[in-house]
């Protein structure tokens with residue numbers, strides 16, 4: 001089996017591709033670690049509101065898509081966003097009401113990664129926590145494609161399918177309303 | 001004796017592959033992909049569920065042997081819940097003991113009730129793994145779960161069950 005003949009099945013997580021040489025196995029090992037770490041950086045950047053670091057994780061022409069898994073729409077954030085800058089603006093807008101002095105609220109795990117000729121696809125589970133109530137805000141599945149850029153990996157597409165918990169909506173709406181009121185009073189710049 | 005570089009790399013590869021195997025367990029359950037779920041287990045695998053706080057839930061307690069029995073057991077457990085693919089099981093804190101072509105793992109779990117937003121349980125998973133030509137598989141899976149007091153009312157509304165059963 002040549003190095004280019006890795007499985008490109010879309011059947012995520014069903015098997016680990018079998019590189020032939022030790023070198024290739026090692027490379028894939030580090031690629032997996034790097035991709036998982038980039039996904040961790042994604043939420044670390046959001047929780048720390050480090051927008052430049054967040055931008056550095058994406059390709060310039062990356063796309064992001066948000067879809068609700070129930071009928072609760074999230075403040076008009078649904079849709080598809082194209083281009084790194086647009087994606088960052090979209091995330092900033094979504095995160096604006098939540099100011100927790102660096103405390104993380106986004107938790108991502110259960111990563112599975114499949115490699116193909118073009119790069120890699122990851123699937124990860126995530127949940128976020130509402131710090132005022134201690135309840136879970138919602139859970140979601142992130143499906144991302146990654147491409148190798150120089151010595152690192154970048155996210156070229158990201159899809160989040162999320163379901164918000166029934167009970168937490170009022171707390172989230174209240175935080176959003178507080179922000180809107182502050183803006184109306186000219187309190188934000 | 002210090003392990004060689006290659007031995008360290010192989011142990012690291014095993015840990016990554018085992019971590020993905022464990023993650024596949026809940027990715028498959030949360031997406032209700034039973035074909036994927038089936039491939040994670042050896043045909044004669046066994047699963048064991050115990051309550052850590054004397055709270056019986058859905059008659060899930062006990063030991064189930066054979067791949068089909070395991071699938072039936074999980075399907076029964078998740079049957080009341082339809083979240084349209086949203087995940088509710090979150091694994092973390094994996095540690096492994098590697099021993100050639102077998103391995104043991106310990107994993108923490110927390111599960112979320114999407115109606116109330118309350119944590120359903122804290123779980124401790126202990127699994128035994130075997131290396132096969134197709135990759136690592138599970139041959140034994142032990143689940144210990146502490147169901148939180150706060151979630152009971154919400155769960156009971158979603159699925160009443162007979163605790164004396």
I'd like the residue in the range A:102-118 that is farther than 23 Å from residue A:50 by Cβ and surrounded by fewer than 19 Cβ atoms within 10 Å (Cβ to Cβ) and, out of all such residues, is nearest to the other protein chains (Cβ to nearest Cβ).
A:116
Hits in the range A:64-78 - residues which are surrounded by 15 or more Cβ atoms within 10 Å (Cβ to Cβ), away from chain B (no Cβ under 14 Å) and in contact with a helix residue (DSSP H, G or I) (Cβ under 8 Å, 6 or more places away or on another chain):
A:64, A:77
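Anything in the range B:101-120 that is more than 13 Å from every other protein chain (Cβ to nearest Cβ) and touching a residue at least 24 places away in the same chain (Cβ under 8 Å)? List them, or say none. Before you say what the answer is, go through the steps one by one.
At the first step, the residues of the range B:101-120 found to be more than 13 Å from every other protein chain (Cβ to nearest Cβ) are B:101-106.
Within the range B:101-120, B:101, B:102, B:103, B:104, B:105 qualify.
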Can you tell me how many residues within the range B:135-151 are free of Cβ contacts under 8 Å to residues at least 60 places away in the same chain and within 27 Å of residue B:85 (Cβ to Cβ)?
3
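Please specify each residue of the range B:1-32 satisfying the condition of being part of a loop (DSSP other than H, G, I, E, B) and surrounded by 14 or more Cβ atoms within 10 Å (Cβ to Cβ). Walk me through it before giving the result.
Pass one, the range B:1-32, residues part of a loop (DSSP other than H, G, I, E, B): B:1-4, B:31-32.
Once the filter is applied, which keeps residues that are part of a loop (DSSP other than H, G, I, E, B) and surrounded by 14 or more Cβ atoms within 10 Å (Cβ to Cβ), the range B:1-32 yields B:31, B:32.
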Residue B:151, sole failed condition from (1) within 13 Å of another protein chain (Cβ to nearest Cβ); (2) assigned to a strand (DSSP E or B); (3) at pLDDT below 95:
(2)
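For the range A:119-129: of the residues being over 19 Å from residue B:15 (Cα atoms) and at the interface with chain B (Cβ under 7 Å from one of its Cβ atoms), which is surrounded by the fewest Cβ atoms within 10 Å (Cβ to Cβ)? Break it down into steps so the answer makes sense when it comes.
Let us first name the residues in the range A:119-129 that are over 19 Å from residue B:15 (Cα atoms), namely A:119-121, A:125-129.
Right, trim to at the interface with chain B (Cβ under 7 Å from one of its Cβ atoms) and you get A:125, A:127.
On the way: A:125: 25, A:127: 27.
The extreme case among them is A:125.
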Any residue that is away from every other protein chain (no Cβ under 14 Å) and closer than 28 Å to residue B:112 by Cα - is there at least one of those in the range A:159-172?
no
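Taking the range A:54-63 as the search range and keeping residues that are assigned to a strand (DSSP E or B) and surrounded by 13 or more Cβ atoms within 10 Å (Cβ to Cβ), which one is nearest to the other protein chains (Cβ to nearest Cβ)? Walk me through how you get there before you give the answer.
Taking the range A:54-63 as the starting set, the residues that turn out to be assigned to a strand (DSSP E or B) are A:58-63.
Next cut, surrounded by 13 or more Cβ atoms within 10 Å (Cβ to Cβ) only: A:58-59, A:62-63.
On the way: A:58: 23, A:59: 25, A:62: 23, A:63: 20 Å.
The residue in question is A:63.
If you check residue A:159 against the conditions, is it touching a residue at least 60 places away in the same chain (Cβ under 8 Å) and either more than 24 Å from residue A:56 (Cβ to Cβ) or in a loop (DSSP other than H, G, I, E, B) (or both)? Walk me through it before giving the result.
Numbers: touching a residue at least 60 places away in the same chain (Cβ under 8 Å): yes; either more than 24 Å from residue A:56 (Cβ to Cβ) or in a loop (DSSP other than H, G, I, E, B) (or both): no.
No.
Does residue B:86 meet the test of being within 14 Å of chain A (Cβ to nearest Cβ) and touching a residue at least 40 places away in the same chain (Cβ under 8 Å)?
Details: within 14 Å of chain A (Cβ to nearest Cβ): yes; touching a residue at least 40 places away in the same chain (Cβ under 8 Å): yes.
For residue B:86, the condition - within 14 Å of chain A (Cβ to nearest Cβ) and touching a residue at least 40 places away in the same chain (Cβ under 8 Å) - is met.
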Which of the numbered conditions does residue A:81 fail, given that it passes all the others? Conditions: (1) buried (at least 18 other Cβ atoms within 10 Å of the Cβ); (2) within 30 Å of residue B:93 (Cα to Cα); (3) without any contact (Cβ under 8 Å) to a residue 40 or more places away in the chain; (4) more than 14 Å from chain B (Cβ to nearest Cβ).
(2)
Hey, residue B:58 hits all of (1) free of Cβ contacts under 8 Å to residues at least 40 places away in the same chain; (2) out of contact with any strand residue (DSSP E or B) (no Cβ under 6 Å at 6 or more places or on another chain); (3) away from chain A (no Cβ under 14 Å) but one; which does it fall short on?
(1)
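The values are calculated or read from the model by the stated rules, or taken from the named source; none is laboratory data. None of these values were measured; they are calculated from a predicted model. Positions of Cβ are generated from backbone atoms using ideal geometry, with glycine treated the same way; all protein chains shown enter the neighbour counts.
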